[in-house]
1. Just to make sure I understand: if all protein chains stay in place, what is the order of 111, 35 by accessible area at 1.4 Å, largest first?
2. By a straight-distance test (C-alpha under 20 Å), which aspartates and glutamates pair with residue 53 as possible cross-link partners, with residues fewer than eight away in the same chain excluded?
3. Skipping prolines and chain starts, which residues have an amide H placed within reach, meaning under 5 Å, of the one on residue 43, given they are 5 or more residues away or on another chain?
4. Per-residue HN-Hα couplings for the range 29-41, Karplus 6.51 cos²θ - 1.76 cosθ + 1.60 at θ = phi - 60°, whole Hz, x for Gly and Pro?
5. Just to check I understand the Karplus step: with θ = phi - 60° and J = 6.51 cos²θ - 1.76 cosθ + 1.60, what whole-Hz values come out for the range 110-116, glycine and proline as x?
6. If I model a spin label as a point 7 Å beyond the Cα along the Cα-Cβ vector, how far apart are those points for residue 10 and residue 47 in nm?
Amino acid sequence: MGINSEVNVENFAKIYGDFFENISEDKIDLLNTLCTKDILFKDPFNSFTGLEKFKKVFHHMYKQAADPKFSVVHISVSNSTAYMKWVFSTSKLIKIEGVSEIKFNEEGLVCSHIDYWDSASQVFIKIPILKYFIRYLIKKFSI
């Protein structure tokens, strides 16, 4: 059973987006009130089910990134799914743009969060030893 009112999903999506724009390491446990215990999460590096693992992604982010920030650029809603365009940045001049597909259950909790972003052009190409190989592949496959 899905959510019937798009207004509710818009509100849930805004609350979820606000969480990410204001995330800090001490606020990660607020995900307990926003997500199901069996949330599905996927991104270019991870694919798993479970809220505790989902929270570990953000604890890991704070260990690896200097002053990480999310900026939600746009939210679009269709039925029980929100699409959230975002920019992730750090004080070390890392900038990643992506879109999250977020599905809500009938209680307004996030049951699926799938991130779509290009890890090759936004992360791997910045690693010196991989940069030349990735540029070669991009040139090989482009028209």
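1. 111, 35
2. Of all the aspartates and glutamates, those that pass the test against residue 53 - Cα under 20 Å, at least 8 places apart if same chain - are 25, 26, 29, 38, 43, 101, 115.
3. Residues meeting the amide H criterion: 115.
4. Ordered by residue, 3J(HN,Hα) equals 5, 5, 4, 4, 8, 10, 10, 6, 5, 10, 3, 8, 10 Hz.
5. 6, 10, 8, 9, 10, 9, 10
6. Result: 3.5 nm between the two label points.
The values are calculated or read from the model by the stated rules, or taken from the named source; none is laboratory data. It should be emphasised that the depicted structure is a prediction, and the values quoted were computed from it without experimental measurement. In this analysis, Cβ positions are derived from the backbone assuming ideal geometry, glycine residues included, and neighbour counts consider all displayed protein chains. Surface areas here come from the heavy atoms of the whole protein model, side chains and all, with no ligands, DNA or RNA. Shrake-Rupley method; radii C 1.70, N 1.55, O 1.52, S 1.80 Å.
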